[in-house]
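> Here you go, one structure.
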Amino acid sequence: MKKKIVILLLIVISLAGLTACSKKEKSDALKFKEEYEKINNEKTSYGTINREVSISKDNPFIYKSAEEINEMIENKETFAVYFGFAACPWCRSVIETLIETAKEKGLDTIYYVDVYDIRDQLKLDDNGGVVVDRKGSDAYYKLLENLDNVLTDYTLTDSDNNSVATGEKRIFAPNVVSIINGKASLLATGISEKQTDPYAVLTPEIKKDTKDAFVKVINQVLHPNICTPDGC
């Protein structure tokens, strides 16, 4: 009798844990939806208007800190991670397509790191030298190390419109990255070469380019033994 009671208690505890996880995922999805939709059509400090987006309640996003992503990488896990922030105009251009593509391909989870406050900010001084305007978090610099092979260079532009190397890589927004067994494999912004303005109308051609880029990342995560950065 006591053995049966113990077994029943273990079952109840397991079900409670699953329910808690389910509720967390649901709340993360709802949080993401509310975060991105609440600034729809708001005027920005640059005088532009935020693109209106419609985010599904069952979107795949789970919030993670930079520290947690670094830990997952160190544990050699396989997953997709999206770096961005709600007010990012380029992110708002591609986010709906990312969600649609994940659903179509069957990817239930994409981890989300809001990079707005964790990144460093570099600038040029009066002599054209690179200086730190705002220091990034320790976890951000660790991410730069862990994702180095897929990141692009962080450059600045001087008064003569020349590009100045900072000697640092950058996690831009949006960046969607496939991590395979703890190794950064493929990065996609989802931004079409046909789109030069983040506020432009998204044509079918632009959306197709965005989807094609995200498909490669998602396929890698779903089929890591079959799909390479070049495709499946």
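The values are calculated or read from the model by the stated rules, or taken from the named source; none is laboratory data. For clarity, every value in this text was computed on a predicted model and none was experimentally measured. Methodologically, a virtual Cβ is constructed for each residue, glycine included, from the backbone with ideal geometry; neighbour enumeration extends over all protein chains shown. Ligands, DNA and RNA are stripped out before the accessible areas are found, and what is left, the full protein with its side chains, is counted by its heavy atoms. Shrake-Rupley method; radii C 1.70, N 1.55, O 1.52, S 1.80 Å.
> Enumerate the pairs (first residue in region 209-220 and farther than 11 Å from L107 by Cα and modelled with pLDDT of 95 or more; second residue anywhere and polar (S, T, N, Q) and in a helix (DSSP H, G or I)) with beta-carbon separation below 6 Å, excluding pairs fewer than 6 apart on the same chain, so at least 6 apart or on different chains.
Cβ pairs passing all conditions: T210/T97; K211/T97; K211/T101; F214/T101.
> Which condition breaks for K3 when tested against (1) open to solvent by 70 Å² or more (accessible area, probe 1.4 Å); (2) modelled with pLDDT of 95 or more; (3) assigned to a helix (DSSP H, G or I)?
The failed condition is (2).
Residues checked against (1) in contact with a helix residue (DSSP H, G or I) (Cβ under 7 Å, 6 or more places away or on another chain); (2) among the small types (G, A, S); (3) under 27 Å from L147 (Cβ atoms):
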site	(1), (2), (3)
E42	no, no, no
I49	no, no, no
V53	yes, no, yes
N59	yes, no, yes
I62	yes, no, yes
M72	no, no, yes
E77	no, no, yes
G84	yes, yes, yes
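> Sort through Y63, Y112 and tell me the only one that's of a type in the set (F, W, Y) and more than 26 Å from D212 (Cβ to Cβ).
Numbers: Y112 fails: more than 26 Å from D212 (Cβ to Cβ).
Residue meeting the stated conditions: Y63.
> I'd like the full set of residues that are hydrophobic (A, V, I, L, M, F, W, C), open to solvent by 60 Å² or more (accessible area, probe 1.4 Å) and more than 30 Å from T78 (Cα to Cα), limited to region 131-174.
To start, the set of residues in region 131-174 that are hydrophobic (A, V, I, L, M, F, W, C) comprises 131-132, 139, 143-144, 147, 150-151, 156, 164-165, 171-173.
Filter again for open to solvent by 60 Å² or more (accessible area, probe 1.4 Å), leaving 132, 165, 172.
Hits for region 131-174 are V132, A165.
Residues are listed down the side, and each one gets a yes or a no for (1) assigned to a helix (DSSP H, G or I); (2) open to solvent by 10 Å² or more (accessible area, probe 1.4 Å); (3) farther than 15 Å from N59 by Cα; (4) of a type in the set (F, W, Y):
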site: M72; (1), (2), (3), (4): yes, yes, yes, no
site: V81; (1), (2), (3), (4): no, no, no, no
site: W90; (1), (2), (3), (4): yes, yes, yes, yes
site: I95; (1), (2), (3), (4): yes, no, no, no
site: E104; (1), (2), (3), (4): yes, yes, no, no
site: Y111; (1), (2), (3), (4): no, yes, no, yes
site: D117; (1), (2), (3), (4): no, yes, yes, no
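> So which of V164, V176 ends up being closer than 17 Å to K64 by Cβ, of a type in the set (A, V, I, L, M) and in contact with a strand residue (DSSP E or B) (Cβ under 9 Å, 6 or more places away or on another chain)? Outline the logic, then answer.
Details: V164 fails: closer than 17 Å to K64 by Cβ.
Checking each option against the conditions leaves just V176.
> Another question about this same structure. Quick one: count up the residues across region 175-212 that are small (G, A, S) and in contact with a Ser or Thr (Cβ under 7 Å, 6 or more places away or on another chain). Outline the logic, then answer.
Taking region 175-212 first, the residues small (G, A, S) are 178, 182, 184-185, 188, 190, 192, 200.
Okay, now just the ones that are also in contact with a Ser or Thr (Cβ under 7 Å, 6 or more places away or on another chain), so 178, 185, 190, 192.
Selection size over region 175-212: 4.
> Could you list, in sequence order, the residues of region 32-70 that are part of a helix (DSSP H, G or I), under 15 Å from the mean Cα position of the chain (by Cα) and not polar (S, T, N, Q)? I'd like the intermediate steps shown before the answer.
Of the residues in region 32-70, the ones part of a helix (DSSP H, G or I) are 32-37, 66-70.
Now restrict to residues that are under 15 Å from the mean Cα position of the chain (by Cα): 32-33, 35-36, 66-70.
Those that are part of a helix (DSSP H, G or I), under 15 Å from the mean Cα position of the chain (by Cα) and not polar (S, T, N, Q): F32, K33, E35, Y36, A66, E67, E68, I69.
> Applying the selection to region 119-130, what residues are part of a loop (DSSP other than H, G, I, E, B), charged (D, E, K, R) and open to solvent by 50 Å² or more (accessible area, probe 1.4 Å)? Outline the logic, then answer.
Start the filter on region 119-130 by keeping residues that are part of a loop (DSSP other than H, G, I, E, B), which leaves 119-120, 125-129.
Retained after the next criterion (residues that are charged (D, E, K, R)): 119-120, 125-126.
Across region 119-130, the qualifying residues are D125, D126.
> Does K194 satisfy being more than 17 Å from the chain's Cα centre (by Cα) and open to solvent by 50 Å² or more (accessible area, probe 1.4 Å)? Can you show your working first?
Values: more than 17 Å from the chain's Cα centre (by Cα): yes; open to solvent by 50 Å² or more (accessible area, probe 1.4 Å): yes.
Here the answer is yes, as K194 does meet what is asked.
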